[in-house]
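**Q** Please see the structure below; I have some questions.
The values are calculated or read from the model by the stated rules, or taken from the named source; none is laboratory data. Just so it is clear, the structure is predicted and the values come from calculations on it, not from any experiment. Positions of Cβ are generated from backbone atoms using ideal geometry, with glycine treated the same way; all protein chains shown enter the neighbour counts.
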Amino acid sequence: MSNIYKEEAENEDFEDDLTILPVKVPPSEKKIKHHATLPDINKGACVVDIAKPRSGKTLRLVNYLQNPNFYADKFDAVYVYSSTMSNGDDTARFLYDQYSDTIYSEYSDSHLQSIIDYQDSIPKASRPKIALVFDDFIAFPNIHKNSLMFKIATSYRHHNIGLLLYNTQMLKYLPPVVRASANYVILSQNSNMKQVEGLAEEYGGTYGVEKWKQIYSIATAEPYGFLYMDLYGFTGHNNNPKAYSNFNKLLYEAPISYSKKGQKTLNSIHNRVGVVHDEDEDE
């Protein structure tokens, strides 16, 4: 018998237990510390940021990579494919100055493959932790739904990509493989109700469509406000999907398994921000 389940096998009740057990992975010696609310770059974060022009998308990117309260100096390397950043964008000028050698104004699958090949050429134990960003990628003339920039969403963790970020203006620019792989989604204010309905259909299931619309309305009420969704519960102290106004105000937590004490705390938060919460099924 393999020794990976030796501890469990020593339990007298183990013999007839057919529960599928997880493989215990030793904690990484290079675990990166960052705020618990932010996308978890240790587990690997695939982030989709959908926002119309001039609504804060680039400013968020700058904060991710240069604000010490976010991920400044957390990555061994940062690679950005952007069709606009080299054109004198005032918001991104300091970011461009810092990473000018690895900010690319053109994209090709072969170029991205060379980055992946370099990552994979380094032993896993010492492989660099990197950020990979696709910013306003729809302007690149040679992309399609099967481009490597999209397919990488299914395997980025294997290459030690801690942050995989797609910045785009509309959901429809993202193929299904990226939508299905995203574990964090950021949405800014959108006055196009047809697009909002599409977003509700895509992401409302986790929270309930009508509730999601209410949460979205509250989160985006202020200029530059945005809804930040942790779709799989990687943030905070439990595994419940969550929705935040910006990065610092919890609006909603999906009612999966939290305790009555936790429920009361969440109820208090929801009442302060005006979000109706689900009642605990045990009450």
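**Q** Is segment 156-175 home to any residue that is crowded, with 19+ Cβ neighbours inside 10 Å, out of contact with any Ser or Thr (no Cβ under 9 Å at 6 or more places or on another chain) and of a type in the set (S, T, Y)?
**A** yes
**Q** I'd like to know if segment 96-103 contains one or more residues that are surrounded by 16 or more Cβ atoms within 10 Å (Cβ to Cβ) and either outside the structural domain of D135 (by TED's automatic domain parsing) or assigned to a loop (DSSP other than H, G, I, E, B) (or both).
**A** yes
**Q** Residue check: is T102 β-branched (V, I, T), modelled with pLDDT of 90 or more and either under 19 Å from F247 (Cβ atoms) or out of contact with any Lys or Arg (no Cβ under 7 Å at 6 or more places or on another chain) (or both)? Give the derivation first.
**A** Values: β-branched (V, I, T): yes; modelled with pLDDT of 90 or more: yes; either under 19 Å from F247 (Cβ atoms) or out of contact with any Lys or Arg (no Cβ under 7 Å at 6 or more places or on another chain) (or both): yes.
When the stated conditions are applied, T102 passes them.
**Q** Still on this model: Looking for something charged (D, E, K, R), farther than 17 Å from V47 by Cβ and at pLDDT 75 or above - is there at least one such residue anywhere in segment 257-275?
**A** No, segment 257-275 contains no residue that is charged (D, E, K, R), farther than 17 Å from V47 by Cβ and at pLDDT 75 or above.
**Q** So L61 fits all but one of (1) under 19 Å from the mean Cα position of the chain (by Cα); (2) of a type in the set (A, V, I, L, M, F, W, C); (3) over 26 Å from Y173 (Cα atoms); what number is the exception?
**A** Unmet for L61, out of (1) under 19 Å from the mean Cα position of the chain (by Cα); (2) of a type in the set (A, V, I, L, M, F, W, C); (3) over 26 Å from Y173 (Cα atoms): (3).
**Q** If we keep just the residues of segment 230-252 that are more than 12 Å from L38 (Cβ to Cβ) and of a type in the set (S, T, Y), which is modelled with the lowest pLDDT?
**A** Filtering first and then ranking leaves Y232.
**Q** Here's a follow-up. What are the residues in segment 159-209 that are under 16 Å from the mean Cα position of the chain (by Cα) and among the hydroxyl-bearing types (S, T, Y), if any?
**A** If the condition is that a residue be under 16 Å from the mean Cα position of the chain (by Cα) and among the hydroxyl-bearing types (S, T, Y), then Y166, T168, S181, Y184, S188, Y203, T206 are the ones that fit.
**Q** Looking at (1) over 20 Å from M229 (Cα atoms); (2) aliphatic (A, V, I, L, M); (3) at pLDDT 95 or above, which is the one condition that is false for A139?
**A** (3)
**Q** If we scan segment 174-186, do we find a residue that is touching a helix residue (DSSP H, G or I) at 6+ places or on another chain (Cβ under 8 Å) and farther than 30 Å from K31 by Cβ?
**A** Checked against the condition, which is being touching a helix residue (DSSP H, G or I) at 6+ places or on another chain (Cβ under 8 Å) and farther than 30 Å from K31 by Cβ, segment 174-186 yields at least one hit.
**Q** Something else: Is at least one residue of segment 219-232 closer than 30 Å to P141 by Cβ, in contact (Cβ under 8 Å) with a residue 40 or more places away in the chain, under 16 Å from the mean Cα position of the chain (by Cα) and buried (at least 18 other Cβ atoms within 10 Å of the Cβ)?
**A** Among the residues of segment 219-232, at least one is closer than 30 Å to P141 by Cβ, in contact (Cβ under 8 Å) with a residue 40 or more places away in the chain, under 16 Å from the mean Cα position of the chain (by Cα) and buried (at least 18 other Cβ atoms within 10 Å of the Cβ), which makes the answer yes.
Quick grid of which residues meet (1) among the β-branched types (V, I, T); (2) under 28 Å from Y232 (Cβ atoms); (3) assigned to a strand (DSSP E or B):
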{"residue": "L38", "(1), (2), (3)": "no, yes, no"}
{"residue": "P68", "(1), (2), (3)": "no, yes, no"}
{"residue": "D90", "(1), (2), (3)": "no, no, no"}
{"residue": "E106", "(1), (2), (3)": "no, no, no"}
{"residue": "I115", "(1), (2), (3)": "yes, yes, no"}
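**Q** Please specify each residue of segment 74-95 satisfying the condition of being under 22 Å from N42 (Cα atoms), surrounded by fewer than 18 Cβ atoms within 10 Å (Cβ to Cβ) and either modelled with pLDDT under 90 or out of contact with any Lys or Arg (no Cβ under 7 Å at 6 or more places or on another chain) (or both).
**A** The one that is under 22 Å from N42 (Cα atoms), surrounded by fewer than 18 Cβ atoms within 10 Å (Cβ to Cβ) and either modelled with pLDDT under 90 or out of contact with any Lys or Arg (no Cβ under 7 Å at 6 or more places or on another chain) (or both): A77.
**Q** Could you identify the single residue in G204, G208 that is in contact with a Lys or Arg (Cβ under 9 Å, 6 or more places away or on another chain) and either touching a residue at least 60 places away in the same chain (Cβ under 8 Å) or small (G, A, S) (or both)?
**A** Of G204, G208, the one residue that is in contact with a Lys or Arg (Cβ under 9 Å, 6 or more places away or on another chain) and either touching a residue at least 60 places away in the same chain (Cβ under 8 Å) or small (G, A, S) (or both) is G204.
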